[in-house]
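Quick notes on the structure that follows.
No lab work stands behind these numbers, since they all come straight from the coordinates. Everything numeric in this text was worked out from a predicted model, so none of it was measured. When we count neighbours, we look across all protein chains shown, and the Cβ atoms used for this are built from the backbone with ideal geometry, even at glycine.
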Amino acid sequence: MSVLELENLINIYDVMTSTKDDTTGSLTSQLGNVTASEVISDGAETWSHFGFASRPSEALPGSDDAPQVLAIARSDRDLVVAERDVRGQQIYGNLKAGETCLYAAGKDAKAQARILLKADGGINLYTKQGNTDSGLGIAMLINAADDSITLTNSKGIGIRISDDGVQIIGKGGLAGITVSDKVDISSASVSVPNLNVLGGLAVGAGGMQVGGPSILAVTTTGALTAAHITGTTTIPSPLVTTGVVPGSITITSPVVLV
């Protein structure tokens with residue numbers, strides 16, 4: 001009875017270089033020993049998961065920094081069936097049981113782009129400013145637990161969609177706009193240059209508070225109602241209306257211009 005010899009059938013190699021074969025479309029690698037700059041196998045073909053393709057980061061000649069593979073020896077070309085590169089393993093973060101991280105380590109194994117598929121159903125697209133480990137995070141977070149989507153850059157500026165509505169988050173989270181059944185603007189100041197309101201502007205029973213002095217350039221073809229206007233408000237000439245003299249005037253609450 002013959003014995004199957006496995007001694008030279010399965011081998012562990014460093015990846016010297018990798019490429020995509022223009023003829024077959026397959027990903028191939030030159031295998032060997034990076035430390036000794038020794039090539040042992042050329043044109044080894046990578047077999048991987050369906051619907052997935054990747055090429056390793058480049059090896060550093062004369063060092064121990066190289067991607068490694070498990071290869072099966074064949075008469076024409078070796079087959080690569082498993083791969084790893086320890087240089088990029090820190091990008092996984094705090095990977096929990098049942099979670100998946102897909103990442104692109106870049107040419108030097110230091111790139112930051114990754115996709116995290118979380119155990120709680122969340123999907124995180126994440127990278128870092130400047131594509132360096134020291135950069136601040138940039139993320140799109142899809143949270144299945146609270147039905148929210150958050151998009152934010154390294155400055156904390158972003159958009160959040162949740163049960164509360166759509167929130168536009170300003171720099172440092174200090175200012176924002178929330179749109180749900182109403183529009184809520186939370187900011188120390190609001191600047192709206194060249195505002196045009198089409199279809200009219202309605203002011204509720206609570207009135208509109210305008211701190212003075214304010215300059216209002218008013219053009220209207222209908223009734224203009226000023227409710228609960230505080231401070232000194234200057235309406236420059238010309239003002240065509242009934243019962244008000246054009247010029248600099250003081251308005252006290254309530255005032256109706258018709």
Additional length obtainable on full extension of the chain from V183 to K110, 0.36 nm per residue less Cα span: 22.0 nm
Expressed in nm to one decimal, what extension gain is obtained for the pair D21 and N131 from 0.36 nm per residue of sequence separation less their Cα-Cα distance? 36.7 nm
Taking only C-alpha pairs under 8 Å that are 6+ residues apart, what is the relative contact order of the range 10-84 in percent? 33
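State, as an integer percentage, the relative contact order of the range 81-145 based on alpha-carbon contacts under 8 Å between residues 6 or more apart.
Value for the range 81-145: 23 percent.
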To two decimal places, what compactness ratio does the range 1-107 give when its Cα radius of gyration is scaled by 2.2 N^0.38 Å? 1.17
So for the pair L102, I123, with labels modelled 7 Å out along Cα→Cβ, what separation do we get in nm? 0.9
3J(HN,Hα) from dihedral phi, the range 162-168, Karplus parametrisation 6.51/-1.76/1.60, rounded to Hz, x for glycine, proline: 8, 5, 7, x, 9, 10, 9
Average Cα contact separation per residue, the range 89-186, under 8 Å, 6 or more apart, as relative contact order %: 13
Just to confirm the filter: which trypsin sites (Lys or Arg not before Pro) across the range 23-106 are DSSP coil and have at most 13 other Cβ within 10 angstrom of their Cβ? R74, K96
P(r) weight above 15 Å for the range 89-186, C-alpha pairs, percent: 66
Most exposed first, judged by fewest Cβ atoms within 10 angstrom, I40, I72 run I72, I40
Compute for the range 50-117: radius of gyration divided by Kirkwood radius, i.e. Rg/Rh, restricted to C-alpha atoms, rounded to two decimals. 1.01
What is the distance in Å between the Cα centres of the range 100-153 and the range 42-96? 22
Can you list the residues, at least 5 places off or on another chain, whose amide H is less than 5 Å from the amide H of A109, using H built in the peptide plane? E58
